[in-house]
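Some notes on the structure that comes next.
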Amino acid sequence: MTQPAPDFRDIARSVAASDGAELAFAPDLTVIACNAAYGRARGVACAALVGRPIRDAFAAGSELERLIESLETVRRTCRPHRLSGDEAMAGATMVNLPVLGIDGAVQWILHCLEPADSETDGRRNRAALALALDAAEARLRSILQTVPDAMIIIDERGRIESLSTTAERLFGYSMVEVAGRNVSQLMPTPDREQHDSYLKRYLTTGERRIIGIGRIVVGQRKDGTTFPMHLTVGELRSAERHYFTGFIRDLTDQRLAETQLKELQSEVTHMSRYTALGEMASTLAHEINQPLTAISNYLRGCQRLLDRVDAESMPVLRDALGKAADQALRAGHIIRRLREFVSRGEGERRMEYLGKLIEDASTLALVGAREAGITVSFRLDPGADLVLADRIQIQQVLVNLIRNAMEIMSETTNDRRLEIATVAAADDLVEVSVADTGAGLAPEVARQLFQPFVTTKPQGMGLGLSICRTIVEAHGGRIWVEPRPGGGTVFRFTLRAAAMEEVADAG
């Protein structure tokens, strides 16, 4: 978390209120505050120092270099540093104190100048240190009250030192309730029982497993309910003690949004099947009407034959009844595939015969192809027939690609050919392709064709190919489009081939 910049006006007021000779430096060693006692002790005007880099504010020499070295030591170690005796400037004792931010970095340095023989050395140094600590504590309180994410500070034994206002609301505890108690009470089992061992391991080995690395964990509120949260831990050192700062973001709303998004995607996928069905409705009605009409005609013929039944007409009667039964099965087959296609059903991947998948999808998708003058051919690789797939979802991909190809070719007057092919690919994958002889796609359209709401149809929503990509990628494959040699378009997608042990298990 980025710390707010120090308010130099507050620092100037704090330094001015001290009766000791004090100067304040920013971490870059620019003078940011000076009091009258320091000006008198050094014989300088404070206004001539404030705002100037240290090398511009003081005369060059070995004393200045020792002062700079001391200040840099404070900045590097985050600990006080003292110069006295012949090391100090003009026989004075210098005490340089770091004022730390919540992240453990030096925000400013308090430079105290005291006479070496002063009897008030200890008192004044303690007062200066108290002043610095008070200023740092005030800033910490301000941060804890205003930081938007929940923030918790613990010591090296896991005891809670500070709790931000947001953290109090998130966990349901007040600071009074948890002060000094182990932070593990904000965790469910098993983290509650294991947290102290995690902390001890880090202090012993220095091995970082979470410090500086954000990760998702589970928190527990006062009422016992749990929630997902993103935790980032920072380390803070003060003198000889360790502190750890945890920044927590509640992921409850995010997880809820993700769940709702998945439900919405499922609903869109389901509704897209109805959209595809609506586009095929008229041709489906025609296709189903054909076998039903044939059944009616065969049965009427059988009735007439029964009126004048004789030995010679029995074979004709049997043949007519058989054909009627075949047509009834054909109509039932179409309706059954239609019901499966629009069923919501939970996805289940298992070993499937790709040739059978393509045959079933084609029963629906190729409705009206003959009437549209489209020639359909299949080129299926026998060595690429077993895949791991959700049957209904992959049928949806095939139906979408085939229907799109048919629509594209219906807009042309030239040769209309559709080829569906499979082939074994590298990395235990099977590639399926649907090629048409339509007008093809412009390169700028092809590059974004699988993005939501991108469509070439005047009335299209642009969700069909986006859903196809989602389904294929969920199966561990990929889908893409490329120009067909000689004109037209080829859509290709890959599926995972079923391994031999999976085939054996299925058998």
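The values are calculated or read from the model by the stated rules, or taken from the named source; none is laboratory data. This is a predicted model, so every value here is computed, not measured. Here the Cβ is made from the backbone with ideal geometry for all residues, glycine too, and neighbour counts use every protein chain on show.
Annotations for the structure displayed:
- Test: residue in region 213-232 that is under 26 Å from the mean Cα position of the chain (by Cα), among the polar types (S, T, N, Q) and in a loop (DSSP other than H, G, I, E, B): yes
- The residues on offer are Arg75, Arg9, and the sole one that is surrounded by fewer than 16 Cβ atoms within 10 Å (Cβ to Cβ), part of a helix (DSSP H, G or I) and not aliphatic (A, V, I, L, M) is Arg9.
- In this structure, Ile160 does not qualify as without any contact (Cβ under 8 Å) to a residue 24 or more places away in the chain, assigned to a loop (DSSP other than H, G, I, E, B) and either under 26 Å from Arg76 (Cα atoms) or outside the structural domain of Cys78 (by TED's automatic domain parsing) (or both).
- Within region 163-187, the residues that satisfy the criterion of being in a loop (DSSP other than H, G, I, E, B) and closer than 23 Å to His242 by Cα are Ser164, Ala179, Gly180, Arg181, Met187.
- Counting only strands (runs of 3 or more DSSP E) wholly contained in region 359-425, the ones carrying 3 or more residues that are hydrophobic (A, V, I, L, M, F, W, C) occupy 386-389, 417-425.
- Candidate set from region 16-35 (those that are outside any strand (DSSP E or B) and surrounded by 12 or more Cβ atoms within 10 Å (Cβ to Cβ)); member that is modelled with the lowest pLDDT: Ser18
- Of everything in region 401-439 that is in contact with a Leu (Cβ under 7 Å, 6 or more places away or on another chain) and not hydrophobic (A, V, I, L, M, F, W, C), the residue that is surrounded by the most Cβ atoms within 10 Å (Cβ to Cβ) is Asp436.
- Test: residue in region 337-356 that is part of a loop (DSSP other than H, G, I, E, B), surrounded by 15 or more Cβ atoms within 10 Å (Cβ to Cβ) and modelled with pLDDT of 75 or more: yes
- Any pair with Cβ under 6 angstrom, 6 or more apart, that starts in region 426-454 at a residue that is closer than 20 Å to Ile358 by Cβ and at pLDDT 85 or above and ends at one that is polar (S, T, N, Q) and part of a strand (DSSP E or B): Leu429/Thr494; Glu431/Thr494; Val432/Thr422; Asp436/Thr489
- With respect to the stated conditions, Gly20 is touching a strand residue (DSSP E or B) at 6+ places or on another chain (Cβ under 7 Å) and either in contact (Cβ under 8 Å) with a residue 40 or more places away in the chain or within 19 Å of Cys78 (Cα to Cα) (or both).
- All positions within region 433-445 that are assigned to a strand (DSSP E or B) and touching a helix residue (DSSP H, G or I) at 6+ places or on another chain (Cβ under 7 Å): Val434, Asp436
- Filtered by the rule that a residue be among the β-branched types (Val, Ile, Thr) and buried (at least 16 other Cβ atoms within 10 Å of the Cβ), region 172-206 gives Val178, Val183.
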